[in-house]
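Peer 1: Can you read through this structure? Questions will come right after.
The values are calculated or read from the model by the stated rules, or taken from the named source; none is laboratory data. If you're wondering where the values come from, they're calculated on a predicted model, not measured in any experiment. Here the Cβ positions follow ideal geometry from the backbone for every residue, glycine too, while neighbour counts run over all protein chains shown. Surface accessibility is based on the protein's heavy atoms, side chains included, excluding ligands, DNA and RNA. Shrake-Rupley method; radii C 1.70, N 1.55, O 1.52, S 1.80 Å.
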Amino acid sequence: MRIILFGPPGCGKGTQATFISESLSIPHLSTGDMLRSAVISKSEIGLKAKEIMEKGGLVSDDIVLSIVKDRVANSDCNKGFILDGFPRTVNQAERLDLFLSQKQKIDCVLRIKVDEAEIIQRLIERGRNDDKPDIIKNRFKSYNAETQPLIPFYETRGILFNIDGMQEIEKVSLEIKKVLSEF
Ligand code: B4P
């Protein structure tokens, strides 16, 4: 299965991707994790991404697409994968379609819905470098302006499934399992 985990910053995409990856034995591809590793290793991509991530903006589509394209070409993705945090712009989604062959189309997009106030609380508790109030505000701005338009993009294809992310972690996982069991 080829799954996209979609939702605002901190809605629990990474948390749920870990469970899905274990239960379906398919790799979890998180662009956030890949970019954070690039920043730590001080690679060329990392140096370009660092400043943008620290401000809560979106890293350029070209950079993100190049890392996802390389990763998806890996043989461990032949049976499927979970994209966590990608695509985040309509351009990323259109280019994803272009590089996935006809046989490799996306099966489902799981949209995790959580209220903004609840997310802010969760992120402040987590305390990652980019979980500071001003940066969170910018991450929401980027989400509202650039990522939300993906909802109608996938809704019109009939592959978008809404998940109530306001519940406890285990209950969110159960709801996701139920959706995935229909495939
Ligand atoms: P990401 O790493 O994708 O970060 P995120 O959206 O904050 O995390 P996620 O939704 O996975 O939340 P999590 O499970 O951790 O992106 C970071 C940055 O990278 C972006 O701002 C951007 O700059 C850059 N980037 C990444 N992808 C990009 C792309 N495609 N294009 C351009 N730029 C890109 O959960 C958050 C917290 O909530 C955790 O502490 C968790 O324990 C808790 N939690 C989760 N579910 C819960 C629940 N049900 N109840 C209570 N707590 C819960």
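Peer 1: Can you figure out the FRET efficiency of residue 99 with residue 167, using R₀ = 30 Å and their beta-carbon distance, to the nearest 0.05?
Peer 2: Numbers: r = 35 Å, r/R0 = 1.16.
The computed FRET efficiency comes out at 0.30.
Peer 1: Next question, about the same structure. Helix-only mean residue ellipticity at 222 nm, the chain, DSSP H runs n ≥ 4 weighted -39,500 (n - 2.57), per residue, nearest 500. What is it?
Peer 2: Working: 9 runs with 97 residues, N = 183.
Result for the chain: -16000 deg cm²/dmol, rounded to the nearest 500.
Peer 1: In whole Å, what is the distance between the alpha-carbon centres of region 2-55 and region 135-149?
Peer 2: Cα centroid to Cα centroid, the span is 16 Å.
Peer 1: How much space per residue, in cubic angstrom, does the convex hull of the C-alpha atoms of region 42-131 take up? Before the final figure, lay out the partial values.
Peer 2: Numbers: hull volume 12.1 nm³, N = 90.
Hull volume over Cα atoms, normalised by residue count, gives 134 Å³.
Peer 1: Per residue, how large is the accessible surface of region 71-183? Use a 1.4 angstrom probe and give square angstrom. Mind showing how you got there, number by number?
Peer 2: Values: 6620 Å² over 113 residues.
Here the per-residue accessible area is 59 Å².
Peer 1: Rg to Rh ratio, region 118-183, alpha-carbon atoms and Kirkwood radius? Don't skip to the end; give the middle numbers.
Peer 2: Numbers: Rg = 14.9 Å, Rh = 14.1 Å.
Rounded to two decimals, Rg/Rh equals 1.05.
Peer 1: Region 88-148: D in µm²/s via Stokes-Einstein (Kirkwood Rh, Cα pairs, 4 °C, 1.567 mPa s)? Show your work: numbers first, answer last.
Peer 2: Working: Rh = 13.8 Å.
Using the Kirkwood radius from Cα pairs, D works out to 94 µm²/s.
Peer 1: Count neighbours as other Cβ atoms within 10 Å of each site's Cβ, and list the trypsin sites (Lys or Arg not before Pro) in region 144-180 that are DSSP loop with at most 14 such neighbours. Don't skip to the end; give the middle numbers.
Peer 2: Working: sites: 157, 171, 177, 178; in loops: 157.
When the trypsin sites (Lys or Arg not before Pro) of region 144-180 are filtered for loop state and at most 14 Cβ neighbours within 10 Å, 157 remain.
Peer 1: Report D for region 1-85 in µm² per second (integer): Stokes-Einstein, Kirkwood Rh on Cα pairs, 37 °C, 0.692 mPa s. Please list the in-between numbers first.
Peer 2: Numbers: Rh = 13.5 Å.
Roughly 244 µm²/s, to the nearest whole number.
Peer 1: State the percentage of accessible surface on region 15-79 attributable to carbon and sulfur atoms; use a 1.4 Å probe and exclude ligands, DNA and RNA.
Peer 2: Numbers: 1990 of 3720 Å².
That fraction is 54 percent.
Peer 1: Holding the Cα-Cα limit at 27 Å, pick out from 50/171; 13/141; 13/79; 50/178 the pairs that are longer than that. Please list the in-between numbers first.
Peer 2: Details: 50/171 34 Å; 13/141 18 Å; 13/79 21 Å; 50/178 38 Å.
Among 50/171; 13/141; 13/79; 50/178, the Cα-Cα distance tops 27 Å for 50/171; 50/178.
Peer 1: Using Cα-only point scatterers and the Debye equation, what is log10 of I(q)/I(0) for the chain at each q in 0.17 Å⁻¹, rounded to two decimals?
Peer 2: Values, matching the q order: -1.17.
Peer 1: What aspartates and glutamates could a cross-link reach from residue 69, if we take a straight Cα to Cα line under 12 Å and drop same-chain neighbours fewer than 8 places away?
Peer 2: Output for residue 69: 61, 97.
Peer 1: Between residue 113 and residue 75, what is the FRET efficiency for a Förster distance of 35 Å, r being their Cβ-Cβ separation, to the nearest 0.05? Please report the intermediate quantities before stating the final value.
Peer 2: Values: r = 34 Å, r/R0 = 0.98.
According to the calculation, E is roughly 0.55.
Peer 1: How much length would be gained if the chain were fully extended between residue 44 and residue 134, taking 0.36 nm per residue of separation minus their Cα-Cα distance, in nm to one decimal?
Peer 2: That works out to 29.7 nm of additional length.
Peer 1: Would you mind giving the three semi-axes, in whole Å and largest first, of the ellipsoid equivalent to region 59-106 according to its Cα gyration tensor? Let's see the in-between values first.
Peer 2: On the way: eigenvalues 59, 28, 18 Å².
Value: 17, 12, 9 Å, ordered largest first.
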